[in-house]
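Bear in mind these aren't lab numbers, they're just calculated from the coordinates by the rules spelled out. This structure is a prediction, so every number in the text was calculated from the model and none was measured. FYI the Cβ positions are ideal-geometry reconstructions off the backbone, even for glycines, and counts take in every protein chain you see.
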Amino acid sequence: MKKIIGLYGLPNTGKTTTLKHLIGLLGENANGEKPVTIDNYRGKKIVIAPGGDTAGVVEANVETFKEEKADILVSATRTKGGSQDALKDHAKNIGTDVIWIGKNYSDSLHKFINEVQVKELRAFIDLIIDNWNN
């Protein structure tokens, strides 16, 4: 079954930066806010989409996920509204739920918070893969 992770948060809290760092941690180069495909991370194909502030951007992220026939999609979204609705609609259409993860944020420790959350996201993806067949 396909898995969808939505990293949600307010504007300018580091969602895009965090997902770009995740792309690097998984061995690829970020391409602005465009989705990047990790072809083989522990046997799974993952699309990581740093952009997600509007429904249109999230819909384009979903299209990349479909075209790539990936197993896991990680997309940024806002805290509510069109971008979240677009991700929820896609999940419903493929018979799964969105796993929502809130973006951690700190005015004074921005870089540190992003680095910690990237590691948490990778660990969470590892956990999903470890339990793929359950």
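A few comments on the model shown:
- Computed FRET value (nearest 0.05) for Lys44 with Leu10, which takes r as the C-beta separation and R₀ as 25 Å: 0.25
- Scalar couplings 3J(HN,Hα) for the stretch 51-67, obtained by applying the Karplus form with A = 6.51, B = -1.76, C = 1.60 to θ = phi - 60°, are x, x, 7, 10, 4, x, 5, 5, 4, 5, 4, 5, 4, 4, 4, 5, 4 Hz; x denotes Gly and Pro.
- Taking 16 Å as the straight-line reach from the Cα of Lys69, the lysines in range (excluding those fewer than 8 positions away in the same chain) are Lys2, Lys3, Lys44, Lys45.
- For Kirkwood radius over Cα pairs in Å, calculated from these coordinates, the label among [x] 15.3; [y] 17.6; [z] 14.5: [z]
- With a Förster radius of 25 Å applied to the C-beta separation of Trp132 and Leu109, the computed FRET efficiency comes to 0.15.
- Taking every DSSP beta bridge that has both ends in the chain, the antiparallel portion is near 25%.
- Using Cβ point charges alone (K and R +1, D and E -1), the dipole size of the chain about the Cα centre works out to roughly 120 debye.
- Those lysines that a straight Cα-Cα span of less than 22 Å connects to Lys111, excepting residues fewer than 8 apart in one chain: Lys15, Lys20, Lys34, Lys103, Lys119
- Sequence-separation-based contact order of the chain, relative, with Cα cut under 8 Å and 6+ spacing, percent: 33 percent
- Under 15 Å from the Cα of Lys88 - aspartates and glutamates, other chains or at least 8 residues apart: Asp53, Glu59, Glu63, Asp97
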